[in-house]
Every structure is written in structure tokens, then in C-alpha cells.
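Computed from the coordinates by the stated procedures, all read-outs in this text should not be read as laboratory data. Computed from a predicted structure; not experimentally measured. No Cβ is skipped: glycine too gets one built from the backbone with ideal geometry, and neighbour counts run over all protein chains shown.
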Ligand SMILES: Cc1cc2nc3c(=O)[nH]c(=O)nc-3n(C[C@H](O)[C@H](O)[C@H](O)COP(=O)(O)OP(=O)(O)OC[C@H]3O[C@@H](n4cnc5c(N)ncnc54)[C@H](O)[C@@H]3O)c2cc1C
């Protein structure tokens with residue numbers, strides 16, 4: 001196993017670090033104070049700079065207009081971008097579009113690729129992914145109730161989804177719906193592409209999350225599908241293969257999330273250390289960093305960050321070399337280990353900033369609010385732990 005970074009990737013990561021520092025971190029006060037949609041013109045300017053630097057869409061396939069980086073390479077890029085909440089959006093590798101590009105590329109028809117994939121990779125349109133439902137457990141999606149019933153040449157979709165990230169302003173949604181109710185559990189559902197201007201696609205609201213309703217890309221929509229009619233040619237992949245395709249989306253997606261979270265860990269860690277170094281705690285000139293407690297926070301955060309990072313790079317390496325299904329245990333591990341490491345390091349940094357940490361004068365309160373969700377989406381901690389432990393126990397089970 002070799003995590004050596006090639007000169008090419010090191011140059012790219014250095015360029016991104018510089019860009020994030022010079023162009024994006026200075027925008028954060030505005031990002032925290034304003035509605036996201038008011039920032040779109042300035043973000044567009046930054047995106048044009050990224051295109052000029054030829055760093056647009058780092059993880060998307062070359063034939064679609066991306067840079068075609070491997071999972072491990074993109075992991076390193078994602079870590080650098082994660083230092084700012086604006087990083088992934090400006091370089092155009094943000095969730096949920098990144099996952100949608102992956103499945104459209106793997107399973108889309110020629111027509112679907114022309115209509116949806118090409119403009120999505122170019123950044124001309126955005127998309128969203130609607131699986132989770134208001135009334136059914138997202139942790140057990142086989143229970144989903146949204147239906148897509150064939151009628152003539154069409155599917156007619158009915159259902160109530162929520163947490164459809166970035167639905168506000170998206171051009172289309174990829175929707176998970178039951179198409180084959182009589183089939184076996186994992187063959188009941190399909191993925192269907194639904195343009196958001198279709199009659200019956202109703203964006204009810206942007207859900208307030210941790211006190212923040214958001215707008216445009218930075219929002220989570222509640223959507224009511226009411227007799228929403230789309231042509232059957234909008235089926236993505238074979239009918240009944242929704243859960244199989246969802247797996248294609250989730251494996252690499254978890255690496256992307258974890259590497260972004262590691263970028264957040266690094267930013268919070270840097271802030272923690274600067275604060276420890278500068279903040280006076282006594283007239284004699286003693287600083288916060290002289291206390292045993294804060295030194296413990298720093299040492300523990302450094303070790304936990306390194307451990308989480310190596311575990312994640314190892315997972316990316318396993319997926320690149322052996323495929324996502326062989327890396328299942330490792331992918332489950334990083335999902336809860338990195339999410340919790342990030343929450344812990346952000347919390348310690350916020351505590352070190354005292355009252356200032358609670359304000360929006362640093363990025364820490366935003367991370368604290370926004371990134372708590374990491375322990376819930378893409379599989380809650382408890383679900384990953386339960387399935388990992390089940391697989392481990394199987395290897396110990398003795399036939400009687
Ligand atoms: C910020 C954010 C963005 C999201 N974006 C999207 C998106 O773009 N598209 C989309 O479709 N969904 C999205 N989601 C939804 C997300 O995938 C679900 O919230 C998640 O799958 C959990 O489902 P649930 O909320 O229905 O919780 P439930 O399934 O009701 O679970 C609630 C809790 O019960 C516990 N639990 C559940 N099952 C088990 C078990 N088997 N063993 C032990 N404990 C268990 C866990 O602690 C879990 O947190 C997003 C969620 C958030 C918070």
C-alpha cells in the first residue's frame with residue numbers, strides 16, 4: 001500500500017490550498033451573514049478562475065469535461081477544499097451532484113447523458129437526489145413508500161420526500177421510487193430522473209436545519225410528488241435496480257465526504273492551535289496553550305486526525321484497487337470514525353475560543369451546526385456500527 005503523493009497531485013493540492021486561502025476564506029464572513037443565493041455572482045467569478053486554472057470538476061470523468069482524478073487523488077483534493085464550506089461548490093465537485101454524475105455516467109442512456117450529464121459537469125445546471133421520506137426510516141430505505149406507476153408511455157410518481165439537498169434551484173432530481181411492488185425486497189425500487197419543472201414536483205419548503213433555512217445550493221428541500229408524470233425513458237438504469245445503483249453512489253461518496261470532513265478537522269485544528277498560542281489567560285503572560293487541558297486537546301486531536309486520515313486513505317486505496325464491495329468494512333468504519341473525530345475536534349476548537357467560538361466571527365460555529373449531520377446522513381453511526389459488527393461476528397460464527 002503506497003500513499004505517496006505524485007508530483008502532479010501535490011502541485012494541484014498546493015494550488016488549491018493557496019486558492020482556498022486567498023479567494024475563499026476571505027468570502028466566509030459574507031457567506032455567514034448573507035443568503036447563499038446573494039453570493040452566486042461572486043462565486044461564479046471564483047468558478048471562472050478555477051476553470052482558467054484547469055482545475056474544474058476534479059473527480060468527474062475526462063470524457064465528460066472533468067479532470068478524471070482517481071478516488072485517492074480526489075480524496076487529497078477534497079481534503080484541501082474542505083477547509084472552507086465554499087471549496088467543493090466553487091471547484092464543482094459538491095454533493096449531491098458528484099454522486100449523480102457518477103451514476104449518470106455509469107447507467108445513463110446516450111440521450112440522458114446529453115440532456116443531463118453534460119450540462120451538469122459543465123456547471124450549467126445543478127441536480128438533487130430524493131430518496132429519504134418524511135414518514136419512513138431513511139436508515140431502512142427498503143421501506144420507502146413513494147411509487148412510480150406505469151401509465152401509457154409515462155411513470156406517474158406520488159410520494160413525500162425530504163432532506164433533498166440542494167433541490168432549490170436544481171434542474172432535475174434523481175428520485176428513488178417503488179416501481180415493482182411485488183418483486184423481492186431489493187428489487188422493488190428504481191431511480192427515475194425528474195426535471196424539477198415537471199407538473200406535480202412540488203418543492204414545499206426549504207427545511208430549517210439547526211436554525212438555518214438556507215437557499216439555492218445550501219438548502220434541504222421537502223418535496224411532495226403529486227401525480228408527477230415523466231416519460232418512461234427517464235428511468236435511470238434497469239427497472240428494479242435502484243438499490244444496486246444507490247450502492248455505486250455511496251461507496252466513493254463516503255470517501256468524498258470523509259476527506260472533506262478531514263479538511264474541516266484540519267481547519268479547526270489550526271484554529272485551535274493559533275488560539276492556544278495567542279490567547280492570554282493571566283497578566284503574567286501565560287497563554288491558553290500553557291494549560292494541560294488544552295495541550296491534551298491538541299495532542300489528542302493531532303493523533304485522532306492522523307488515525308482518521310490514514311483509515312480514509314486506506315479505504316480509498318482499497319476501492320481504487322479492489323472495488324467498493326471488497327472495501328465495505330473499511331467504508332463503514334471511516335463513516336463513523338471520521339464524522340465523530342470531526343465533531344470532537346470542532347467542539348474542542350470552539351471551546352477554546354470561548355464566547356467568540358459561539359459567534360459567527362469565526363467559522364467554527366458554522367462547522368459545529370452544519371457538520372453535526374455527518375453522524376446521520378449517508379447512514380447513521382449506529383447503522384454502520386451494527387452492520388460492521390454483524391459482518392465481523394459472522395467470521396467468528398461456528399456451525400453447530
Ligand atoms: C444535512 C442532511 C442532508 C441530507 N441529504 C439528503 C439527500 O440529499 N437526499 C436524501 O435522500 N436524503 C438526505 N438526507 C437524509 C439522510 O440520508 C437520513 O436522514 C438518514 O438516512 C437517516 O434517516 P432518518 O432521518 O429517516 O432517520 P431514521 O432512519 O428514523 O433513524 C433515526 C435514528 O435511529 C437510529 N437507528 C435507525 N436504525 C437503526 C438501526 N438499525 N440500529 C441502530 N440504530 C438505528 C439512529 O440513531 C438514527 O440516527 C440528509 C440528511 C441530512 C441530515
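In square nanometres, what is one fourth of the surface area of the convex hull spanned by the alpha carbons of the range 76-143?
Computing the convex hull of the Cα atoms and averaging its projections yields 6.4 nm².
What is the gain in length, in nm to one decimal, between residue 202 and residue 302 on full extension, counting 0.36 nm per residue of separation less the C-alpha to C-alpha distance? Mind showing how you got there, number by number?
Details: separation 100, 0.36 × 100 = 36.00 nm, distance 4.61 nm.
Stretched out fully, the residue 202 to residue 302 stretch lengthens by 31.4 nm.
Three principal axis extents of the range 127-236 based on alpha-carbon atoms, in descending order, are 41, 29, 19 Å.
To the nearest ten degrees, helix 292-322 and the longest principal axis of the Cα atoms of the chain are 30 degrees apart. Stretching the chain fully between residue 224 and residue 38 yields a gain of 64.3 nm (0.36 nm per residue, less the alpha carbon separation). Kindly provide log₁₀ I(q)/I(0) values, in the same order as q = 0.19, 0.28 Å⁻¹, from the Debye equation applied to equal alpha-carbon scatterers of the range 273-339. Log10 of I(q)/I(0), two decimals: -0.73, -1.09. Centre-to-centre, using Cα atoms only, the range 236-294 and the range 197-231 are separated by 28 Å.
For the range 104-252, what relative contact order do you get, as a whole percent, if you take Cα pairs closer than 8 Å and at least 6 residues apart?
Values: 321 pairs, mean separation 37.8, N = 149.
Relative contact order, the range 104-252: 25 percent.
Distance distribution note for the range 22-72: the fraction of Cα pairs above 18 angstrom is 45%.
Across the range 162-182, the residues whose backbone nitrogen lies under 16 Å from the label position 7 Å along the beta-carbon direction of residue 134 are 162-165. Based on the Kirkwood approach, the hydrodynamic radius assigned to the range 113-179 is 13.2 Å, with every pair of different Cα atoms included. If you run the Gaussian network model on the chain, springs between alpha carbon atoms under 10 Å, then out of 113, 52, 150 the most flexible one is 52. Over all projection directions, the Cα-based convex hull of the range 244-396 averages an area of 10.4 nm².
Hull volume per residue, based on the alpha-carbon atoms of the chain and their convex hull, is 160 Å³. Rounded to the nearest 10 degrees, the inclination of helix 7-19 to the longest alpha-carbon principal axis of the chain is 80 degrees. Each 5 Å bin from zero holds the following percent of Cα-Cα pairs in the range 1-109: 2, 11, 22, 24, 18, 13, 7, 2, 1, 0.
Mean sequence separation of contacting Cα pairs (under 8 Å, at least six apart), scaled by the length of the range 192-286, corresponds to a relative contact order of 23 percent. For the chain, the longest principal axis of the C-alpha atoms and the axis of helix 97-107 are separated by about 40°. Entry note, the range 7-104: relative contact order of 32 percent, from Cα contacts under 8 Å with a spacing of 6+ residues.
For the chain, with a Gaussian network of springs between Cα atoms less than 10 Å apart, report the residue from 292, 112, 94 with the top mean-square fluctuation. Between 292, 112, 94, it is 292 that shows the largest mean-square fluctuation. Multiplying the residue separation of residue 233 and residue 376 by 0.36 nm and removing their Cα-Cα distance gives an extension gain of 48.1 nm.
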